[in-house]
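Chemist: I have a structure here, written as structure tokens, and I will follow up with some questions on it.
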Amino acid sequence: MIFPFLKTLFLSLRRGPATRRYPRVVRTPFPGTRGHLVNDAGKCIFCGVCARRCPAGALVVTRTPAHWTLDPYRCIVCGYCVEVCPKKSLRMEPWHRRESGGARGQG
Amino acid sequence: MLHNVTEVSAESLRDTIAARFPQGYRFITLTCVDGGATWELLYHFDRNYELSHVRVRVPKGAVVPSISGIYACAALVENEVQDLFGVTFEGLTVNYERRFMLAVEAPLAPMVRTPVAQAAARAGEMRM
Amino acid sequence: MNNATTSTPRRTVIPFGPQHPVLPEPLHLRLVLEDEKVVEAQPAVGYIHRGIEKLAEVKDFQQNVFLLEHVCGICSFIHALAYCQGIEELMGVEVPARARYLRVVWSELNRLHSHLLWLGLLADAFGFESLFMQIWRARERVLDLEEQTAGARIMLSTCTIGGVRRDLSAEQVGQVLRGLDELEREFDMFVPVVIKDATVKERLCGVGVLTQRQAQELGAVGPVARASGIARDLRVTGYAAYGELGVNPVIETDGDCYARTLVRVRELYQSLLLLRKALRHMPDSPIAVAVKGKPEGEVVMRVEQPRGEVMYYLKANGTATLERVRVRTPTFANLPALLAILPGCELADVPVITLSIDPCVSCTER
């Protein structure tokens with residue numbers, strides 16, 4: 001049974017490794033990937049629909065003072081808020097958030 | 001929109017289910033619903049992709065006969081219901097003593113909406 | 001000497017799991033052994049009970065789609081699909097044709113990814129590391145296809161009540177079809193090793209036999225039941241677009257670990273076939289209909305997951321929150337079968353047998 005794997009071996013030698021040297025080489029996400037949530041504060045009317053509909057309770061919106069906060073640890077990146085936003089001020093960006101930094105402080 | 005539901009009493013539950021076993025019914029699972037003063041137990045069966053159900057309503061605090069002697073696979077799900085709802089099954093082939101799904105320090109019967117004591121009080125009011 | 005053979009052998013109890021090198025899932029089995037033979041197995045779950053059924057009574061019925069998707073980290077889309085179909089039946093919603101086809105596409109991508117994951121773990125369990133890596137490289141392609149089409153690798157979040165949330169452009173359909181061709185080439189490279197290699201067969205053939213009668217009585221589902229000769233595949237009932245596409249259950253009759261492997265391997269090719277058919281014949285229509293009102297009544301919905309039948313029982317009372325959400329996952333149904341085949345086997349075979357039912361413990365405990 002060595003022969004099927006011999007073929008795989010030669011192919012693998014030609015194609016190179018299937019993995020990347022992260023973090024030096026970072027994979028580009030596909031367009032349309034739900035990476036992280038961004039709010040365009042200029043368009044936001046602080047109505048709070050997103051906070052009420054969020055399945056994870058990750059959003060807190062107050063009208064006065066006008067505040068929109070996202071708890072990235074609670075967010076499940078489903079994009080439901082983007083769908084229900086009446087002013088379309090919310091959008092999903094394809095890049096994932098960096099890992100929370102810890103000692104390196106890249107939070 | 002449930003079709004093929006047979007309502008039975010707790011006493012005739014075992015007989016009803018024992019009659020199904022040789023007919024080739026497959027036991028899917030058991031669902032417990034908190035019905036206020038009662039437990040509503042729904043036994044789901046399948047035969048040739050057709051669903052049928054057996055429903056039992058028992059007052060809270062009463063003992064439910066276990067069907068694990070008929071369908072061996074029912075023992076796990078009965079233990080689960082015992083854990084999450086605090087329903088007591090009589091004649092369980094394997095009894096985890098309410099520690100099947102929940103850890104030792106977990107609260108007892110977390111899925112219950114109306115605790116047994118309250119349910120008993122309400123049942124008393126209804127009788128009055 | 002004579003004494004030793006007549007007296008009963010001493011029994012040893014070995015805890016298997018919840019942390020075990022071959023099982024990424026926290027399944028704990030209490031194994032009673034006589035020498036190297038297992039005589040009794042008792043499961044203990046509860047290491048990752050998250051109370052999702054309870055939480056589903058608090059969240060509203062739209063939010064539950066995303067919540068219930070998190071029941072399983074492998075067949076996430078199919079959980080959401082089962083729940084959405086249940087609510088749709090309660091509310092009398094007619095799902096547009098294109099949405100039904102797209103649901104098949106994502107269901108089958110989930111199935112491909114799940115079976116490849118399992119096949120890789122199996123290779124790892126019997127100590128074939130390089131095969132494990134080849135298989136997982138193919139799995140990575142499936143995850144890429146999922147990200148390309150749905151926007152996420154695992155939690156697709158594309159199913160919604162009344163349809164789906166994303167459409168595929170003609171260009172994306174082409175990309176997926178090309179991806180499937182590449183996948184098939186990869187399958188053709190590692191599948192012969194899995195099904196023909198003598199060392200692999202040595203570990204799988206005749207190990208952990210589940211007879212057809214046992215499978216029926218213990219209520220086994222999915223590949224476990226199909227490997228024992230029971231033609232039980234809920235896709236036959238024709239939910240989503242499976243009715244139009246046509247599904248023939250994959251059946252093996254031996255009931256051992258090898259038969260369960262064969263069923264899953266053949267299902268990989270079946271999924272490819274279904275995917276190609278669904279993508280080529282996808283009709284043009286809207287992808288979702290607006291849903292108004294609140295669900296009311298009781299419903300039981302069943303769909304086929306990679307591991308077998310999943311059952312959702314939903315009870316709604318005309319408000320935004322549901323009264324009861326009950327999930328019976330396939331692994332829960334296959335656990336009794338596992339407990340029936342473990343007694344009598346060698347301790348060294350326990351990991352492979354346990355893995356052969358494809359246990360998903362986070363599903364089981366919810």
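The values are calculated or read from the model by the stated rules, or taken from the named source; none is laboratory data. Keep in mind that this is a model prediction, so the values were computed, not measured. FYI the Cβ positions are ideal-geometry reconstructions off the backbone, even for glycines, and counts take in every protein chain you see. Surface accessibility is based on the protein's heavy atoms, side chains included, excluding ligands, DNA and RNA. Shrake-Rupley method; radii C 1.70, N 1.55, O 1.52, S 1.80 Å.
Chemist: Could you tell me the distance between the Cα centroids of region C:313-366 and region C:121-183, to the nearest Å?
Modeler: 24
Chemist: Report in % the part of the accessible area of the protein assembly as shown that belongs to carbon and sulfur, leaving out ligands and nucleic acids; probe 1.4 Å.
Modeler: 55
Chemist: Suppose the chain between residue C:317 and residue C:14 were pulled fully straight at 0.36 nm per residue; how much longer would it get relative to their current alpha carbon spacing? Write out the running numbers ahead of the final one.
Modeler: Working: separation 303, 0.36 × 303 = 109.08 nm, distance 4.78 nm.
In short, 104.3 nm is gained.
Chemist: Rounded to the nearest 100 Å², what's the accessible area chains A and C bury against each other, both chains counted, probe 1.4 Å?
Modeler: Values: alone 8540 and 15080 Å², together 21390 Å².
Buried area (both sides, nearest 100 Å²): 2200 Å².
Chemist: Ignoring ligands, DNA and RNA, what accessible area per residue does region C:238-346 give at 1.4 Å, in Å²? List each step's numbers first, then the result.
Modeler: Details: 3430 Å² over 109 residues.
On a per-residue basis, 31 Å².
Chemist: Counting partner chain Cβ atoms within 10 Å of every residue's Cβ in C:147-159, what's the average?
Modeler: Values: counts 6, 5, 2, 4, 12, 9, 2, 0, 4, 2, 7, 2, 0.
Rounded to a whole number, the mean comes out at 4.
Chemist: Please give, to one decimal in nm, the separation of the simple spin-label points placed at residue C:348 and residue A:38, each 7 Å out from Cα toward the Cβ.
Modeler: 5.8
Chemist: Work out the charge dipole of the protein assembly as shown with +1 on the Cβ of Lys and Arg and -1 on the Cβ of Asp and Glu about the Cα centre, then indicate which of C:84, C:342, C:327 is farthest towards its positive end.
Modeler: C:84
Chemist: Where the centre of each part is set by its Cα atoms, how far does region A:21-59 sit from region C:36-73, in angstrom?
Modeler: If we compute the Cα centre of each part, the gap is 27 Å.
Chemist: Also, quick follow-up: Nearest 100 Å², what total accessible surface is buried between chain B and chain C (probe 1.4 Å)? Don't skip to the end; give the middle numbers.
Modeler: Working: alone 7370 and 15080 Å², together 19200 Å².
Roughly 3300 Å².
Chemist: Direction-averaged shadow area of the convex hull around the Cα atoms of region C:221-335, nm²?
Modeler: Average projection, Cα convex hull of region C:221-335: 8.7 nm².
Chemist: Oh, and also: With the crude spin-label approximation of a point 7 Å out along Cα→Cβ, what separation in nm comes out for residue C:48 versus residue B:104?
Modeler: 2.3
Chemist: So what's the net charge close to residue C:173: Lys and Arg +1, Asp and Glu -1, counting the other residues with Cβ under 11 Å from its Cβ?
Modeler: Details: positive: C:178, C:276, C:280; negative: C:167, C:171.
Once positives and negatives cancel, what remains is +1.
Chemist: Which of A:64, A:33, A:19 ends up with the largest GNM mean-square fluctuation for chain A, with Cα atoms connected below 10 Å?
Modeler: A:19
Chemist: At 1.4 Å probe size, with every protein chain present, just tell me what the per residue accessible area of region A:29-96 comes to in Å². Spell out each step's value before the answer.
Modeler: Numbers: 3750 Å² over 68 residues.
The answer is 55 Å² per residue.
Chemist: Also: Treating only the Cβ of Lys, Arg, Asp and Glu as charged (+1, +1, -1, -1), what charge dipole size does the protein assembly as shown show about its Cα centre? Round to the nearest 20 debye.
Modeler: On the way: 72 positive and 64 negative charges, 377 e Å.
Roughly 1800 debye for the protein assembly as shown.
Chemist: What is the distance, in nm, between label points placed 7 Å from the Cα along the Cα-to-Cβ direction at residue A:84 and at residue C:185?
Modeler: That separation, rounded to one decimal, is 4.6 nm.
Chemist: Would you mind computing the Rg to Rh ratio of region C:52-146 from its alpha-carbon coordinates, Kirkwood style for Rh?
Modeler: Working: Rg = 16.6 Å, Rh = 15.1 Å.
Dividing the radius of gyration by the Kirkwood radius yields 1.10.
Chemist: Moving on to the next point. Net charge near residue C:17: determine it from the other residues with C-beta under 11 Å of the C-beta of residue C:17, scoring Lys and Arg +1 and Asp and Glu -1. Please report the intermediate quantities before stating the final value.
Modeler: Values: positive: C:30; negative: C:25.
Combined, the nearby Lys, Arg, Asp and Glu give 0.
Chemist: Working from Cα positions, state the angle (0 to 90°, nearest 10) between the long axis of helix C:129-150 and the longest principal axis of chain C.
Modeler: 10
Chemist: Quick one: net charge around residue C:27, please, counting Lys, Arg +1 and Asp, Glu -1 for every other residue with C-beta under 12 Å from its C-beta. Could the numbers behind the result be given before it?
Modeler: Values: positive: C:30; negative: C:25, C:358, C:365.
Taking every Cβ under 12 Å from that of residue C:27, the sum is -2.
Chemist: OK, next. Charges on Cβ only, +1 for Lys and Arg, -1 for Asp and Glu, centred on the Cα centroid of region A:29-96; of A:56, A:81, A:45, which one is farthest towards the dipole's positive end?
Modeler: A:45
Chemist: If you don't mind, another one. Under unit Cβ charges (Lys, Arg +1; Asp, Glu -1), what dipole magnitude, rounded to 20 debye, does chain A have relative to its Cα centre?
Modeler: Numbers: 19 positive and 5 negative charges, 79 e Å.
The calculation lands at about 380 debye.
Chemist: Can you give me the convex hull volume of the Cα atoms of chain C, divided per residue and expressed in Å³?
Modeler: 132
Chemist: Using a Cα-Cα cut-off of under 24 Å, which lysines could be cross-linked to residue A:43, ignoring same-chain neighbours fewer than 8 residues away?
Modeler: List returned: A:87, A:88.
Chemist: Taking the Cα centre as origin and putting +1 on Lys and Arg beta-carbons and -1 on Asp and Glu beta-carbons, what dipole magnitude results for region C:252-366, to the nearest 20 debye? Spell out each step's value before the answer.
Modeler: Details: 15 positive and 14 negative charges, 130 e Å.
For region C:252-366, the charge dipole is close to 620 debye.
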